[in-house]
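Structure first, then comments.
Read the figures in this text as sums done on the coordinates, not as results from a lab. Quick caveat, the model's predicted, so the values are computed rather than measured. When we count neighbours, we look across all protein chains shown, and the Cβ atoms used for this are built from the backbone with ideal geometry, even at glycine.
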Amino acid sequence: MARAQRNRQLRPLHLFICEDSKSSKYYMQGLGRAKGINIKAENADGTSPENVLKSAEERLKSFTDREFVQIYCLFDKDDCADDKFNQVIQKCKEAGFIDAVSVPCYEYWLLLHLKRTNQPFKDAKECCEAFRTEYNKKFDTKHTVKYLKAKTDIFEDLKNNLDVALANADSLELEETSCPYTNMHKVIKGVLGRE
């Protein structure tokens with residue numbers, strides 16, 4: 001009995017440090033529940049890429065069995081300058097964390113569940129509006145961006161389109177320096193063991 005309990009405790013943990021307190025966090029928690037994967041999503045202490053990385057570094061210190069923990073830094077580019085953003089991504093990789101990047105914002109990854117697009121966005125607001133439009137069209141709703149960002153069951157809504165999102169992102173061959181960009185498909189395939 002004690003051995004079975006220990007094996008359960010040593011199940012690998014996928015810890016996502018999220019820049020926002022809602023949409024990405026709720027999505028990752030929903031993914032973990034749906035797939036039976038030990039995923040935990042926590043808010044960073046602040047929304048800048050630097051704060052996400054700093055929060056990940058602080059969180060890592062609390063683990064004694066570090067070999068059973070993989071930490072992911074979930075970054076939105078938003079208004080961060082390119083050189084500063086690239087420096088944070090590099091530091092993230094050097095620290096052994098996995099960078100989960102979305103440009104201009106996390107909602108681009110959500111949009112790929114509903115539409116294959118590499119349409120340039122002038123900012124995060126425009127990308128969020130595109131997601132809201134496609135979401136409302138698919139589900140015949142009239143939700144606002146604010147409502148969708150706070151939707152705790154967002155993964156459940158989109159889960160049947162997860163493979164569509166993965167295929168859309170793969171087929172677009174997005175460049176790290178472009179807007180839009182995401183590597184969430186690679187991150188999620190890694191978590192699901194589909195690499």
- Item | Label-point separation, Glu173 to Asp45 (7 Å along Cα→Cβ), nm | 4.4
- Within the chain, what percent of beta bridges assigned by DSSP are antiparallel, to the nearest 5? 10
- Debye log10 I(q)/I(0) for the stretch 22-109, one point scatterer per Cα, at q = 0.18, 0.21, 0.24 Å⁻¹: -0.82, -1.09, -1.34
- Message: Test of understanding: ordering Phe121, Phe75 by Cβ neighbours within 10 Å, fewest first, what list do you get?
- Response: Phe121, Phe75
- Restricting the stretch 37-75 to trypsin sites (Lys or Arg not before Pro) in coil, as DSSP defines it, with at most 11 other Cβ within 10 Å: Lys61
- Note on the structure: For the pair Lys61 and Thr141, the simple spin-label estimate (label points 7 Å beyond Cα toward Cβ) gives in nm 4.0
- Task: Would you order Asp20, Asp82, Asp153 from fewest to most other beta-carbon atoms within 10 Å of each residue's own beta-carbon?
- Result: Asp82, Asp153, Asp20
- Item | Largest to smallest principal axis extent of the C-alpha atoms in the stretch 1-151, angstrom | 51, 39, 24
- Task: Would you tally the net charge around Gly46, using a Cβ to Cβ cut-off of less than 12 Å, leaving Gly46 out, and scoring K and R as +1, D and E as -1?
- Result: -4
- Item | Residues Val88, Val103 arranged by fewest to most Cβ contacts within 10 Å | Val88, Val103
